[in-house]
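The values are calculated or read from the model by the stated rules, or taken from the named source; none is laboratory data. Model, not experiment: these values are computed from the prediction. With ideal geometry, Cβ positions are generated from the backbone for all residues, glycine too; neighbour counts draw on all protein chains shown. Protein only, heavy atoms only, side chains kept; ligands, DNA and RNA dropped before computing areas. Shrake-Rupley method; radii C 1.70, N 1.55, O 1.52, S 1.80 Å.
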Amino acid sequence: QVQLVESGGGLVQPGGSLRLSCAASGMLFSFYDMAWYRQAPGKQRELVARLFNGGTTNYADSVKGRFTISRDNAKNTAYLQMHSLNRDDTTVYYCNARRSAWDYWGQGTQVTVSS
């Protein structure tokens, strides 16, 4: 059974940093493209960052230069390092693993940026 478990969310002040982790199990992790999405209440889920298994990345314009997606295949874990957080980054962040028709999601982790 495939599981994606996010961690690392929480409360941070504007301008602060957080690192989200996504621990995967039950899958050949290195074969999957990994991504982070976020979804605010009443809004569509949006792509934040994607890391293809070949190493290519893409980012939403709103996070370019502030967020970095990475992975450690030995640990079956993907990361999202977030810097210079602002209130617009407040929402639930979801980990996604995708390969062909296989598409898996974590349960989400809340990030709140507030003073």
Just give me the residues in the stretch 72-99 being under 16 Å from Gln3 (Cα atoms) and either assigned to a helix (DSSP H, G or I) or not hydroxyl-bearing (Ser, Thr, Tyr) (or both), in sequence order. Asn73, Lys75, Asn76, Ala78, Cys95, Asn96, Ala97, Arg98, Arg99
What residue, among those in the stretch 57-72 that are more than 14 Å from Arg98 (Cβ to Cβ) and loosely packed, with under 15 Cβ neighbours inside 10 Å, is nearest to the chain's Cα centre (by Cα)? Ser70
Across the stretch 1-13, which residue is surrounded by the fewest Cβ atoms within 10 Å (Cβ to Cβ) among those that are farther than 15 Å from Gln81 by Cα and not aliphatic (A, V, I, L, M)? Gln1
Can you find a residue in the stretch 44-62 that is in contact with a helix residue (DSSP H, G or I) (Cβ under 9 Å, 6 or more places away or on another chain) and part of a loop (DSSP other than H, G, I, E, B)? yes
Which members of the stretch 19-32 meet the condition of being in contact (Cβ under 8 Å) with a residue 60 or more places away in the chain and either outside any strand (DSSP E or B) or open to solvent by less than 30 Å² (accessible area, probe 1.4 Å) (or both)? Leu20, Cys22, Ala24, Met27, Phe29, Phe31, Tyr32
Among what's in the stretch 88-115 and is aromatic (Phe, Trp, Tyr) and under 16 Å from Tyr32 (Cα atoms), pick the residue that is least open to solvent (accessible area, probe 1.4 Å). Tyr94
Restricting attention to the stretch 74-87, which residues are over 13 Å from Trp36 (Cα atoms) and surrounded by 13 or more Cβ atoms within 10 Å (Cβ to Cβ)? Asn76, His83, Ser84, Leu85
Pair list, Cβ under 8 Å, 6 or more apart: the stretch 90-108 residue on the phi < 0 side of the Ramachandran plot, other residue open to solvent by 80 Å² or more (accessible area, probe 1.4 Å) and among the charged types (D, E, K, R): Tyr94/Arg45; Tyr104/Arg98
